[in-house]
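Written below as C-alpha cells is the structure these notes are about.
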Amino acid sequence: MRAELLNAFDTLAPHCEVSAILCEEAFRGSLDVPTVLHSICTRLGLPQARAADVERALSAGQACRLFEKTTHLTWRVGDRSLAGELAVLLQGARLYRTRVHQDSDIVDVVLTKPPAPSQVSAQLEKMLQGTWGFKDTRQLLPAIAEAARVSFGVMTPFFDEVGAQVVLNLFERTPATDRFLVLRTNKDGLPPFALAAVREKLSRLGVTVHNFRLDRSGAPGNETFHAKVVLADDTAAYVGSSNMNQWSFEYSLELGLYVRGRAAARIGGVMSAVRAVSGAMP
C-alpha cells in the first residue's frame, strides 16, 4: 500500500464515523463543485448538529489534499480517486470501531451553563455544534447515584445549604450500601456550617462523613483537597469544577468530565486513599 494512501488513512481514521461516508460521496461526484457545509451534511444524511464533525473531517482531509476549502463556507473534493480508495478502508475502520472495539476509557464532557443572560452561553449557541453532546451536571449526578450498586461517594471542598440538599438527595437515590461523603473542616477545625442541617438524615442513610484536612507533621499548613468528585462503584465518576453549593448550581459556568472504565477505576483508587487517611468529621 503506497505511502500517500496510508498517510491519508492515518489522518482521517480518527474521524471515520464521518469521513467514511464523506469519501464515498466525494467518489460518487457529489463534491466535484464547491458545496456549502450544511448542504454536505444533507448529502451525507447527517443532521445539521453534526456540521462541526463534518468540518473537522474536511479539515483533516485538506492536510493531505483530499479536500479543498474553496471559500469560507464551501468545500470540494481535491482527489476523487483517492477518496474512492479511502472510502473502503475508512468504512472498515468505522465498522470495527462501532461493532468490535471497546474503549478502555469512555469520556463525556459535562457542562453547567450560567443563567440567562449569559454571554458564554450565547456564544456557544452561535457555534456550529452549540451545546449538542454535552451532559448536564444537574441531570448527570442523580444518574450516577442511581447507577451505583455497591459504593457511592461524594467529595467536595465547598458545601452550603443548597449543596447539602443536593448531596442528601443523591444519597437518598442510590441503592449502594457503602456510602461516603468527604468534606473538610475550616481552619478552626469546625465542620461546614451547612452539614448540621442534614447530618442526622445522612447518618440514618448510612453515610460516613470524612474530614480531609490533615495536620502536616513538621511542616506549615494543612494537607487538604480542592478536587470535586462523584464516584459510583469505581466504574463511573464525575470529576470537574462543580462544588456542592449554590454558586456552582445556579450561577457559575462549570465544566467537568464523566468517565467510565479504566480511568474511573483509577479515580476510585485515589478516593480509597483519601478515605484511608481522612479522619471522622467532628
Give me the residue from the stretch 31-62 that is under 25 Å from Tyr96 (Cβ atoms) and assigned to a loop (DSSP other than H, G, I, E, B) and, out of that set, least open to solvent (accessible area, probe 1.4 Å). Leu46
Yes/no for Arg262 being among the charged types (D, E, K, R) and in contact (Cβ under 8 Å) with a residue 40 or more places away in the chain: yes
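So which residues in the stretch 179-188 are over 25 Å from the mean Cα position of the chain (by Cα) and modelled with pLDDT of 95 or more, if there are any at all? It would help to see each step written out before you state the result.
Narrowing the stretch 179-188 to residues over 25 Å from the mean Cα position of the chain (by Cα): 184-188.
Passing the criteria: Arg184, Thr185.
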Given (1) open to solvent by 20 Å² or more (accessible area, probe 1.4 Å); (2) among the hydrophobic types (A, V, I, L, M, F, W, C); (3) over 12 Å from Met155 (Cα atoms), identify the lone condition not met by Ala227. (3)
Just to be sure I understand, how many residues within the stretch 63-84 are open to solvent by less than 70 Å² (accessible area, probe 1.4 Å) and of a type in the set (D, E, K, R)? 1
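Looking at this structure, is Phe193 part of a loop (DSSP other than H, G, I, E, B), at negative phi and open to solvent by less than 70 Å² (accessible area, probe 1.4 Å)? Outline the logic, then answer.
Numbers: part of a loop (DSSP other than H, G, I, E, B): yes; at negative phi: yes; open to solvent by less than 70 Å² (accessible area, probe 1.4 Å): no.
For Phe193, the condition - part of a loop (DSSP other than H, G, I, E, B), at negative phi and open to solvent by less than 70 Å² (accessible area, probe 1.4 Å) - is not met.
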Name the strands (runs of 3 or more DSSP E) wholly within the stretch 95-188 that hold at least 1 residues that are basic (Lys, Arg) and either surrounded by fewer than 16 Cβ atoms within 10 Å (Cβ to Cβ) or in contact with a Phe, Trp or Tyr (Cβ under 6 Å, 6 or more places away or on another chain) (or both)? 178-183
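The values are calculated or read from the model by the stated rules, or taken from the named source; none is laboratory data. If you're wondering where the values come from, they're calculated on a predicted model, not measured in any experiment. Reconstructed Cβ throughout: ideal geometry from the backbone, glycine too, with neighbour counts over all protein chains shown. Surface areas here come from the heavy atoms of the whole protein model, side chains and all, with no ligands, DNA or RNA. Shrake-Rupley method; radii C 1.70, N 1.55, O 1.52, S 1.80 Å.
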